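Working notes, structure below.
The values are calculated or read from the model by the stated rules, or taken from the named source; none is laboratory data. Quick caveat, the model's predicted, so the values are computed rather than measured. No Cβ is skipped: glycine too gets one built from the backbone with ideal geometry, and neighbour counts run over all protein chains shown. What goes into the accessible areas is simple: the full protein's heavy atoms, side chains included, and nothing from ligands, DNA or RNA. Shrake-Rupley method; radii C 1.70, N 1.55, O 1.52, S 1.80 Å.
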Amino acid sequence: MKTNNVNNSKLGFTLIELLVAMAVFSTVVVMVSSIFVSVMGSQRKNVNNQEVIDNARFVLESIGRSVRQSQVQSPNGTSSNLTLNHPIKGIFTYGLNGGQVLESGVALSSSNVFVDRLDFTVSGFGDDQIQPRVTIVISLRISNQPVGGDSAMNLQTTITPSNLDIVTGL
């Protein structure tokens, strides 16, 4: 009869091998988890930045369209309010209240976006011989972030009204 001499140490894992395998597995899990957390943070930042950009674009385009179609009633100088006389809407005002840009009391900006600054500089609407224009300076950020956070934006644009007197029937 033959005896089967099988070395018992070859049948399983040693404690050292098991510990090394667990350490390698744990390291891989930690690396993958940190990459996932980093990607999620970047995605959140991108969504916040896009919301700020969308709000800024909407607010500036709305005010710009109104300035181009209206007569500016605000005096020359810098102010936090702008009064316009629109041919259809009549007289209305843009301003800042509680972090929201308002058009005659109606919010233009989202409640998720906080506007820190809104200034209007009106010039050229007198006898100063310069082209009439309104310069808008706006600073905005996501509501739940501190001033100067990742999503904060400072923008400036200048708009020229198009109050042209066109003579027809020559």
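Observations, loosely collected:
- Taking the criterion of being open to solvent by 50 Å² or more (accessible area, probe 1.4 Å) and modelled with pLDDT of 90 or more, the residues of the range 137-161 that qualify are Asn154, Leu155, Gln156, Thr158.
- Some residue of the range 77-99 being closer than 15 Å to Thr160 by Cβ and modelled with pLDDT under 90: no
- Checking Val134, Val106 one by one, the residue that is exposed (fewer than 12 other Cβ atoms within 10 Å of the Cβ) and aliphatic (A, V, I, L, M) is Val106 and no other.
- Residue in the range 19-37 that is outside any loop (DSSP other than H, G, I, E, B), closer than 20 Å to Asn144 by Cβ and open to solvent by 60 Å² or more (accessible area, probe 1.4 Å) present: yes
- Candidates Ile130, Ile91 - the one that is farther than 19 Å from Ser151 by Cα and not in a strand (DSSP E or B): Ile130
- For the residues Val72, Val137, Val113, Val122, the requirement of being within 30 Å of Lys45 (Cβ to Cβ) and in contact (Cβ under 8 Å) with a residue 24 or more places away in the chain singles out Val113.
- Matching residues, the range 88-119, being of a type in the set (Val, Ile, Thr) and more than 19 Å from Arg68 (Cα to Cα): Val106, Val113, Val115
- Inclusion of Leu102 among residues that are in contact with a strand residue (DSSP E or B) (Cβ under 6 Å, 6 or more places away or on another chain), outside any loop (DSSP other than H, G, I, E, B) and in contact (Cβ under 8 Å) with a residue 60 or more places away in the chain is not warranted.
- Qualifying residue in the range 82-95 (condition: within 25 Å of the chain's Cα centre (by Cα), open to solvent by less than 60 Å² (accessible area, probe 1.4 Å) and free of Cβ contacts under 8 Å to residues at least 24 places away in the same chain): yes
- When residues of the range 109-127 are limited to those that are open to solvent by less than 70 Å² (accessible area, probe 1.4 Å) and acidic (Asp, Glu), the one modelled with the highest pLDDT: Asp119
- Exactly one residue out of Arg65, Arg44 is basic (Lys, Arg), open to solvent by 70 Å² or more (accessible area, probe 1.4 Å), modelled with pLDDT of 90 or more and out of contact with any Pro (no Cβ under 9 Å at 6 or more places or on another chain), and it is Arg65.
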